[in-house]
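A quick write-up on the structure given underneath.
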Amino acid sequence: MECDKCSRDAVMHAAYSGAHLCEDHFCASVEKRVRRRIREDSMLPRDATPENPQTWVIGLSGGKDSVVLTHILDETFGRDPRIELIALTIHEGIEGYRDKSVDACVELADDIDIRHEVVSYEEEFGVRMDNVVEKDPENMAACAYCGVFRRDLLERFADEFGADKLLTGHNLDDEAQTALMNFLEGDVKQVAKHFDASIGDFDKRRDAGEFIPRAKPLRDIPEKEVALYAHLKNLPAHITECPHSSEAYRGEIQQLLLKLEENHPGTRHSIMAGYEELAELTAREYRGENGGDGSVDLNDCERCGSKTASTVCRKCRLIESIEAV
Ligand code: SF4
């Protein structure tokens, strides 16, 4: 099949748009959609100047998504004096897995010459995921512990580096899966957080200016296209799956969505279009803009000082229960 835009062979066909594209036009299309998302989300404020630059911290895991995100951001803004890019890698302490992906991160950061920081659960919390999985004091999936620890470190270090934005490599499939999971679990507060994540939280952290806005510039790009882009650009992505990956429910939703997408191309895009509208409506309701009062008063965690709705934050409670075993 020929590319729709030139006479070269197409390397991909997107059923949701009907497009057939060659390597060059496919890569250009991915980059264009990422840049459009950055523009539409107003990620770069008008008052950013070389004298008043923005700091964007990128969560770089070494997987294809964050590697593609870092590469495209560097291609787009690498020589823009209004933006400083910092890559932040979290080492969870997973033997034979994370060391290789950290190598991929180091290689990429060296190639494009951006500041790269690596922080570990072991140094920051005194735990390694391999041991957490063995102890499992809360009888939970590995990812439930890991997600709490990762979020804490991403936010804490992004804050320490003076980040104006915290960017992650979530793609369209990730986002549509999360949307469907929140909906099927009836978790309306999580739906609202999808909207607020980009502009602040509906809890008091937003008012206190303690929330670093999140951004997901790849959220319009299907997972397969991210993988193809990484392959065509020969990026140093690490593709092995984590041995503790345990999100069985997400796996079921992923299979369901793939089937729906196959039978009804465009399903992921339409889920996200509706979800974003719903998220904005519910976020406004929680903030009290429609007469409701869903805002949450936050305290400083007694142990680490981070913001929490109770006296001790979830991360500190988890570490305590791991240490007690
Ligand atoms: Fe952590 Fe789960 Fe990701 Fe493994 S798959 S790194 S346990 S969140």
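The values are calculated or read from the model by the stated rules, or taken from the named source; none is laboratory data. Predicted, not measured: the structure shown is a model, and the values here were computed from it. Ideal geometry is used to build each Cβ from the backbone, glycine not excepted, and the neighbour counts take in all protein chains shown. The protein model used for the area step is the full one, side chains on, heavy atoms only, and it has no ligands, DNA or RNA in it. Shrake-Rupley method; radii C 1.70, N 1.55, O 1.52, S 1.80 Å.
A quick yes/no check of all residues on (1) touching a residue at least 40 places away in the same chain (Cβ under 8 Å); (2) in a loop (DSSP other than H, G, I, E, B):
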| position | (1), (2) |
| --- | --- |
| Val34 | yes, no |
| Glu51 | no, yes |
| Val57 | yes, no |
| Gly62 | yes, yes |
| Leu69 | yes, no |
| Ile72 | yes, no |
| Leu85 | no, no |
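For every residue, the table says whether it meets (1) at pLDDT 95 or above; (2) within 23 Å of Glu223 (Cβ to Cβ).
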{"position": "Ser66", "(1), (2)": "yes, yes"}
{"position": "Thr76", "(1), (2)": "yes, yes"}
{"position": "Pro81", "(1), (2)": "yes, no"}
{"position": "Leu85", "(1), (2)": "yes, no"}
{"position": "Leu88", "(1), (2)": "yes, yes"}
{"position": "Glu95", "(1), (2)": "no, no"}
{"position": "Lys100", "(1), (2)": "no, yes"}
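Return the residues of segment 91-112 that are touching an Asp or Glu at 6+ places or on another chain (Cβ under 8 Å) and either of a type in the set (Lys, Arg) or open to solvent by 50 Å² or more (accessible area, probe 1.4 Å) (or both); say none if nothing qualifies.
So in segment 91-112, the residues touching an Asp or Glu at 6+ places or on another chain (Cβ under 8 Å) come out as 91, 93-95, 98, 112.
Correct list: Glu95, Arg98.
Gly96 meets all of the listed conditions (1) under 26 Å from Lys32 (Cβ atoms); (2) over 20 Å from the mean Cα position of the chain (by Cα); (3) small (Gly, Ala, Ser) but one, namely (1). Number of residues in segment 124-148 that are open to solvent by 30 Å² or more (accessible area, probe 1.4 Å) and either part of a helix (DSSP H, G or I) or of a type in the set (Ser, Thr, Tyr) (or both) equals 8.
Pairing each residue of segment 135-154 that is among the acidic types (Asp, Glu) with any residue that is within 12 Å of the ligand (Cβ to nearest atom), provided the two are 6+ apart or on different chains, yields C-beta distances under 9 Å for Asp136/Ala142; Asp136/Tyr145; Glu138/Ala144; Glu138/Tyr145.
Only residues that are in contact (Cβ under 8 Å) with a residue 60 or more places away in the chain, part of a helix (DSSP H, G or I) and more than 14 Å from the ligand (Cβ to nearest atom): list them for segment 159-176, please.
Filtering segment 159-176 for residues in contact (Cβ under 8 Å) with a residue 60 or more places away in the chain gives 161-176.
Retained after the next criterion (residues that are part of a helix (DSSP H, G or I)): 172-176.
Within segment 159-176, Leu172, Asp173, Glu175, Ala176 meet the criteria.
Only one of these is part of a helix (DSSP H, G or I), assigned by TED's automatic domain parsing to the domain that holds Ala215 and within 16 Å of the ligand (Cβ to nearest atom): Arg156, Arg151. Name it.
Values: Arg156 fails: within 16 Å of the ligand (Cβ to nearest atom).
Every option except Arg151 fails the conditions.
Each residue in segment 55-80 was checked for being over 18 Å from Phe161 (Cβ atoms), within 16 Å of the ligand (Cβ to nearest atom) and of a type in the set (A, V, I, L, M), and 1 of them qualify.
For segment 23-58, give me the residue count where each residue is β-branched (Val, Ile, Thr) and surrounded by fewer than 14 Cβ atoms within 10 Å (Cβ to Cβ). Lay out the reasoning, then the answer.
Just the residues of segment 23-58 that are β-branched (Val, Ile, Thr), to begin with: 30, 34, 38, 49, 55, 57-58.
If we keep only those that are surrounded by fewer than 14 Cβ atoms within 10 Å (Cβ to Cβ) as well, we get 49.
Qualifying residue count, segment 23-58: 1.
If you go through segment 236-250 and keep only what is away from the ligand (no atom under 12 Å from the Cβ), at pLDDT 85 or above and within 22 Å of Val226 (Cβ to Cβ), you end up with Pro236, Ala237.
Can you work out which of the residues in segment 59-90 that are in contact with a strand residue (DSSP E or B) (Cβ under 8 Å, 6 or more places away or on another chain) and surrounded by fewer than 21 Cβ atoms within 10 Å (Cβ to Cβ) is farthest from Asn171 (Cα to Cα)?
Step one: of segment 59-90, the residues in contact with a strand residue (DSSP E or B) (Cβ under 8 Å, 6 or more places away or on another chain) are 59-62, 66, 69-70, 73-74, 77-78, 82-90.
Keeping just the survivors that are surrounded by fewer than 21 Cβ atoms within 10 Å (Cβ to Cβ) gives 74, 77-78, 82-84, 86.
Values: Asp74: 18, Phe77: 20, Gly78: 22, Arg82: 26, Ile83: 23, Glu84: 23, Ile86: 20 Å.
My answer is Arg82.
Suppose the filter is without any contact (Cβ under 8 Å) to a residue 40 or more places away in the chain, open to solvent by 30 Å² or more (accessible area, probe 1.4 Å) and assigned by TED's automatic domain parsing to the domain that holds His170; does Arg115 pass it? In short, yes.
Taking the condition under 26 Å from Cys27 (Cα atoms) and either modelled with pLDDT of 95 or more or more than 16 Å from the ligand (Cβ to nearest atom) (or both), does Pro213 pass? No.
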